[in-house]
Amino acid sequence: MKDLQLITLTVNGTEHELVVESRRTLADVLRHDLGYTGTHLGCEHGICGACTVLIDGSPARACLTFGVQADGCSISTVEGLASDGELSDLQRAFSERHALQCGFCTPGFLMLAEAYLAEYPNPSTEEVREVVAANLCRCTGYQGIVEAISDVARSRRESR
Ligand code: FES
Ligand code: FES
């Protein structure tokens, strides 16, 4: 018999109540049960970071988190970054700096960068390099990603 549980997730501000199997990952809940397919699955082993989402503001590997562990939490996914059809500053910077090629890793990098800049608004280039090392990109060589995040850190500082 399946072990089912009723959980509540608030995803990008919208509350969802659903019944899930206890062993179902948060990535599968988001993608398959709720339709937030911007959260990508690469390795499914916690290595690549493509599945990074924010749980109550902190970055987490959705492939290593059970949906039931996120019961009652606020989840932010890449779908929540743009508002009213306008890309966020980070999304625009990734585009301008050519920080993506195939784009498979991009949602994870964007969510990682959002959480990082919220906590560390004044990073050095070296610190940005260390942070993005948490996620894998097979295409870009990382330079554009580092430049995009550094650009946004600078422009957010200047606009404060
Ligand atoms: S799919 Fe989760 S870390 Fe790779
Ligand atoms: S842009 Fe292709 S894996 Fe990063």
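The values are calculated or read from the model by the stated rules, or taken from the named source; none is laboratory data. Quick caveat: nothing in here was measured; it's all calculated off a predicted structure. Every residue, glycine among them, receives a Cβ derived from its backbone with ideal geometry; neighbour counts consider all protein chains shown.
Kindly check whether there is at least one residue in the stretch 76-86 that is closer than 23 Å to V132 by Cβ and free of Cβ contacts under 8 Å to residues at least 12 places away in the same chain.
yes
Does V11 count as surrounded by 13 or more Cβ atoms within 10 Å (Cβ to Cβ) and touching a residue at least 60 places away in the same chain (Cβ under 8 Å)?
Judged against the criteria, V11 is a match.
Of the conditions (1) buried (at least 22 other Cβ atoms within 10 Å of the Cβ); (2) in contact with a helix residue (DSSP H, G or I) (Cβ under 7 Å, 6 or more places away or on another chain), R97 satisfies every one except a single condition; which number is it?
Single failed check for R97: (1).
Give the residues of the stretch 32-54 that are away from ligand 1 (no atom under 11 Å from the Cβ) and either in a loop (DSSP other than H, G, I, E, B) or in contact with a Ser or Thr (Cβ under 7 Å, 6 or more places away or on another chain) (or both), sorted by residue number.
Residues satisfying the conditions are L34, G35, Y36, T37, G38, L54.
Suppose we filter D71, D84 for residues that are closer than 24 Å to R160 by Cα and exposed (fewer than 15 other Cβ atoms within 10 Å of the Cβ); which single one remains?
When all the criteria are applied, what remains is D84.
When you scan the stretch 85-108, do you find a residue that is modelled with pLDDT under 95, out of contact with any Leu (no Cβ under 8 Å at 6 or more places or on another chain) and away from ligand 1 (no atom under 16 Å from the Cβ), even just one?
yes
Just one of T65, T52 is under 14 Å from the mean Cα position of the chain (by Cα), farther than 25 Å from D151 by Cα and outside the structural domain of T106 (by TED's automatic domain parsing); which is it?
T65
Only residues in the stretch 25-47 that are on the phi > 0 side of the Ramachandran plot count as the first member; pair them with residues that are more than 16 Å from ligand 2 (Cβ to nearest atom) and of a type in the set (K, R), Cβ under 7 angstrom, at least 6 apart or cross-chain, and list the lot.
Listed by first residue and then by second, the contacts come to G46/R61.
Yes/no matrix, rows are residues, columns are (1) more than 12 Å from the chain's Cα centre (by Cα); (2) more than 15 Å from ligand 2 (Cβ to nearest atom); (3) within 20 Å of R61 (Cα to Cα):
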| position | (1), (2), (3) |
| --- | --- |
| A99 | yes, no, no |
| G108 | no, no, yes |
| Y116 | no, yes, yes |
| N122 | yes, yes, no |
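What are the pairs, 6+ residues apart or on separate chains, where a residue within the stretch 133-155 that is more than 12 Å from ligand 2 (Cβ to nearest atom) has its Cβ under 7 Å from a residue that is of a type in the set (S, T, N, Q)?
Sorted first by the residue in the stretch 133-155, then by its partner, the pairs are V146/T125; S150/T125; A153/N122.
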